[in-house]
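Here is the structure we will look at, set down as C-alpha cells.
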Amino acid sequence: MRIKIEKLIYEGWGIGHDENGRAVFVKKSVPGDVLDVKITKEKKSYTEAVIEKIIEPSEKRIDPPCQYFDLCGGCEHQNIAYPDQLKFKEEIFRETLSRTKIETEILPIVQASEPFFYRNSIRFFLVEQKSGKKIFTRHNYLYTDGLVEAESCLLQSVKSNLILSLILEVVNSDRNKSLSGFYQVKIREGKFTDEFMVELMTDDNKLPFELELKTALNQIPEIKSLYHTVTPQRQLRNIRRRLLHGSPIISEKIDKYKFQISPDSFFQTNSLGVKALYDKIKEFAQIEMGDTALDLFCGTGTIGIYLSTLAKEVVGVEVVQSAVNDAKVNARINNIYNCEFIHADVNMWLRNEKIEKYENIKIILDPPRAGLNKELIKKLSNFLSLKNFTNLIYVSCNPATFARDINEFELHGLKLKKVQPLDMFPQTHHLECVGLLQKI
Ligand SMILES: C[S@@+](CC[C@H](N)C(=O)[O-])C[C@H]1O[C@@H](n2cnc3c(N)ncnc32)[C@H](O)[C@@H]1O
C-alpha cells in the first residue's frame, strides 16, 4: 500500500490515510514521506504498518546518525533534525491538550541542551548465539518480543559505551563458556560527578566470567559501584544484590545540590535537563517563607530539596523504601534540615493524613507515567475548600495521562493556568511537562 505521511502523533507514530480514508500508523516515518508500507495490524478504524520502501523522502528527513536506528526500539525520531523534532513535539503536545478540550496558556517548548549522549541510565540485553558468540541487544520495535543486535547507543555517554564493549570482550573471550543466566547489563551514571554504577544481572546466583569482569571493569576508575544483581525469573520482585566492587551508591549533582542514588531509586533520566525542569517547578510554585511544600511521589527527594530553602518545611512522600532512605541522606549531605521524607503510598497517605493542619501549602505532584487515580484527584481537589490552598504543580512525563488528569481536576474546580512542555528526551517521542493548577 502506498501512503503519504501527514503528521506525527503520539508515541512516535506518523499518520497517513489509505484510499478508504482509514488511518494508517507508521513508526519511524516523517511528515511528507511517500511510502510503500506493509500492514502489520488491522483494526476496524485504523491500520498499523511498517515502511517497506521510501518512494519520496520528506524534505524533513535526514540520515539517522545511529547505525541501529532502523530496527532499534530505543528512539523514533533520529531521522528528523533536532529543531524540527521540537516543532513536531510541541504540535503534538498542543493537540493532545486540545483533543481533551483543555484551554490554557501553553508556553513554547524548552529544548534540551544536548540532543545526544544525555541518558544517565540504560539497559542492554545479553544474548548467546548458536556459534557461542555473545551479543548485546536492544528491543526491536517491529516485534513485541523481538531483539536487535546493538553494541552501543548514541543516547548514552561514550564511557557507557566503552563499558559495554569491555563486557562484550570478556564474555567473548571464551566461546565455549556459556552466559548461563547472565542476561542483562544496566548502567547508571552521574553526569556531573562522572560516577558510574554497573549492574550485571543474572536470573540465578551464578555470575559467569565474574573474576574476568571484575578485573576488566576495575580498569575504569569512574565505576564507583559494581553489582551482581540476581532477579529470579527475570522479574523485579525478590531482587538480590551483591556488591562486587566499590560503594553501594553513586552521586549526582543538580545545581549546587548533591544527591546519592541507590540501584532501586528513581532518578530523572536526563540529568542535564533537570535544572531547567526544577527551575520551572520553582517558578510555578511561587513558594513563600512560611509555606509547606508537599512533594508527592518524591523519589530521592530531589524536587523538595531543590525548593527547600524557599519553604518553611518540605514533606515528601514516596513508596520505594530505598528512595526514601536516599532522600533522607540527600537532605543531610546538603545540610538541609527542614525536610521530612515519608515512606508511604501517596494514595494511602492522603487518605489518612490531615493536610488541613499545614497552614499554607504548595503541592507538587510528580507521578509515574500512568498518572493519578480519580480518588486522589478528588481528595486533593477537596482541599481546595481550604482558604490556605493556592498552587498545585503537576509534573508529568506522559502528556496523555496528564491531559486526562487535568480534565478530572477541572471537573473538581481547578483550572490549568499554564503549562510548560520540556524536551528531556530528544530523539524519542517522550516529553516532560509542568502544569500550574489553581482554583477557578
Ligand atoms: C516520575 S518519578 C518522580 C521522582 C522525583 N519527583 C524526581 O523528580 O526524581 C515517580 C516516583 O513515584 C514513586 N511512586 C510510584 N507510585 C507511588 C505511590 N503510589 N505512592 C508513592 N510514590 C509512588 C516512584 O517510586 C517514583 O520514585
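The values are calculated or read from the model by the stated rules, or taken from the named source; none is laboratory data. It should be emphasised that the depicted structure is a prediction, and the values quoted were computed from it without experimental measurement. Here the Cβ is made from the backbone with ideal geometry for all residues, glycine too, and neighbour counts use every protein chain on show.
Miscellaneous remarks
- Test: residue in the range 388-396 that is without any contact (Cβ under 8 Å) to a residue 60 or more places away in the chain, touching a helix residue (DSSP H, G or I) at 6+ places or on another chain (Cβ under 6 Å) and over 23 Å from Glu103 (Cα atoms): no
- Total residues in the range 118-146, condition of a type outside the set (S, T, N, Q) and within 21 Å of Phe209 (Cβ to Cβ): 13
- Screening Ile254, Ile287, Ile336, Ile281 for residues that are out of contact with any strand residue (DSSP E or B) (no Cβ under 7 Å at 6 or more places or on another chain) and more than 29 Å from Glu199 (Cα to Cα) leaves exactly one candidate, Ile336.
- Residue in the range 36-54 that is under 27 Å from Phe136 (Cβ atoms) and not in a strand (DSSP E or B) present: no
- A single entry from Leu200, Leu243 fulfils the requirement of being farther than 23 Å from Glu149 by Cα and either part of a strand (DSSP E or B) or not assigned by TED's automatic domain parsing to the domain that holds His139 (or both): Leu243.
- Residue under evaluation Glu189, criteria (1) assigned to a loop (DSSP other than H, G, I, E, B); (2) over 23 Å from Asn238 (Cβ atoms); (3) among the acidic types (Asp, Glu), criterion not met: (1)
- The strands (runs of 3 or more DSSP E) falling completely within the range 60-176 that include 1 or more residues that are under 19 Å from the mean Cα position of the chain (by Cα) map to 121-128, 134-139.
- Selection count where residues are buried (at least 18 other Cβ atoms within 10 Å of the Cβ) and within 16 Å of Lys191 (Cβ to Cβ), scope the range 128-160: 6
- Among the criteria (1) within 19 Å of Lys280 (Cβ to Cβ); (2) modelled with pLDDT of 95 or more; (3) out of contact with any His (no Cβ under 9 Å at 6 or more places or on another chain), the one Asp423 does not fulfil is (3).
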